[in-house]
Amino acid sequence: MTIHAFVPPYVLNRMSTADAVIGRLGRDTLAVDQVLRTMDRRPRIRGTVPGLHREISDAAGSQRLPGRSVRTEGAPSTGDPAADEAYDGLGATYRYYREVHDRDSLDGSGGPLLATVHYGRDYDNAFFDGERMVFGDGDGALFVRFTQGVDVIGHELTHGVTADEADLPYQDQTGALNESISDVFGSLVKQYATQQSVTEADWLIGDQIVGPAWPGRALRSMAAPGTAYDGPPVGKDPQPAHMRDYVDTTDDNGGVHINSGIPNKAFHDAAVALGGHAWDAAGPIWYLSLLDPELDRAPDFAAFAAVTMRIAGELPDGTRLRAAVAAAWEGVGVPLP
Ligand SMILES: [Zn+2]
């Protein structure tokens, strides 16, 4: 897999054309991200011992990985909020996959969960390089410590699950599905950690990592794509909520962080229609779809929708589940089988 950064390039591009301070922050973060994009994927360390194995390291403001190890599994709190938030966020993600989907870590066999905090200076991003999660501290104005967002951690680690389970090339509709699956499980990790129902959940992505100067509530909204922010220096949230507004672009790998709004809203609408907790029915339908061999041959949203509907129909209470899932896809204009 390629390296996945959380803050999309179009946000950083807008920042980089802003005034002196924000402009420098945007350009510096983009420069780091461009170097990362040229790096080879890191070899995944496969699990050999079942269970949760975390290790947090500290880059101390450098861009050297992994940095100095500061907390291993079972060790007490370090007193550094970034290291402890990363430890807790990796744990919340592990518990979600283990308790809801009976999956033992990203690789299903207890693979270690590694993270580095305090990467770079004012680095406005977080990324997963195939081996570890890496967190910037943010600039304090537009973005704060990226370890504060448990959905950010769930999103990034889910790229590891997706890489293991499915062939979803990171381009156009398959890339937007790849991104949407990370938002879906990032939100599920957050909802499960707080035991929120579908009506209590905010369905926002990145609400805990945007700072006081961010012109909105979050980076994305699954309930209402396109409404998460609007204003300088980053412009307006470009996500569509319906196929009629699908954005044809060559930027951002064909709009992978933009058109993901469409399947995001389909998941939200299905979960809300089914009620209760999103991980009761909607989460398992999406998870089983991710594991389904048919997904590797799914070229677009419509093919993914067909897989989710078939899986829904095979579960207990399948008629009701399938109807809710079908209505959600129909509602965002994805053609049904
Ligand atoms: Zn992503």
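Across the stretch 1-21, what is the number of residues that are modelled with pLDDT under 85, among the hydrophobic types (A, V, I, L, M, F, W, C) and away from the ligand (no atom under 16 Å from the Cβ)?
3
Can you tell me how many residues in the stretch 118-149 are assigned to a helix (DSSP H, G or I) and either within 11 Å of the ligand (Cβ to nearest atom) or surrounded by 24 or more Cβ atoms within 10 Å (Cβ to Cβ) (or both)? Give the steps one after another, and end with the answer.
The initial filter retains those residues of the stretch 118-149 that are assigned to a helix (DSSP H, G or I), namely 146-148.
Now narrow it down to the ones that are either within 11 Å of the ligand (Cβ to nearest atom) or surrounded by 24 or more Cβ atoms within 10 Å (Cβ to Cβ) (or both): 146-147.
Count: 2.
From 30, 36, grab the single residue that is closer than 17 Å to residue 121 by Cβ, within 16 Å of the ligand (Cβ to nearest atom), at pLDDT below 90 and in the same structural domain as residue 142 (by TED's automatic domain parsing). Lay out the reasoning, then the answer.
Numbers: 30 fails: within 16 Å of the ligand (Cβ to nearest atom).
Of the residues listed, the single one that is closer than 17 Å to residue 121 by Cβ, within 16 Å of the ligand (Cβ to nearest atom), at pLDDT below 90 and in the same structural domain as residue 142 (by TED's automatic domain parsing) is 36.
Given (1) in a loop (DSSP other than H, G, I, E, B); (2) over 27 Å from residue 117 (Cα atoms); (3) away from the ligand (no atom under 15 Å from the Cβ), where does residue 168 come up short, assuming only one miss?
Failing condition for residue 168: (3).
Only one of (1) loosely packed, with under 15 Cβ neighbours inside 10 Å; (2) within 16 Å of the ligand (Cβ to nearest atom); (3) not hydroxyl-bearing (Ser, Thr, Tyr) fails for residue 239. Which number is that?
Condition not satisfied by residue 239: (1).
Please work out if residue 157 is assigned to a loop (DSSP other than H, G, I, E, B) and within 14 Å of the ligand (Cβ to nearest atom). Quick ask: steps written out before the conclusion?
Values: assigned to a loop (DSSP other than H, G, I, E, B): no; within 14 Å of the ligand (Cβ to nearest atom): yes.
When the stated conditions are applied, residue 157 does not pass them.
The values are calculated or read from the model by the stated rules, or taken from the named source; none is laboratory data. Computed from a prediction, not measured in an experiment: that's the story for all the values here. Reconstructed Cβ throughout: ideal geometry from the backbone, glycine too, with neighbour counts over all protein chains shown.
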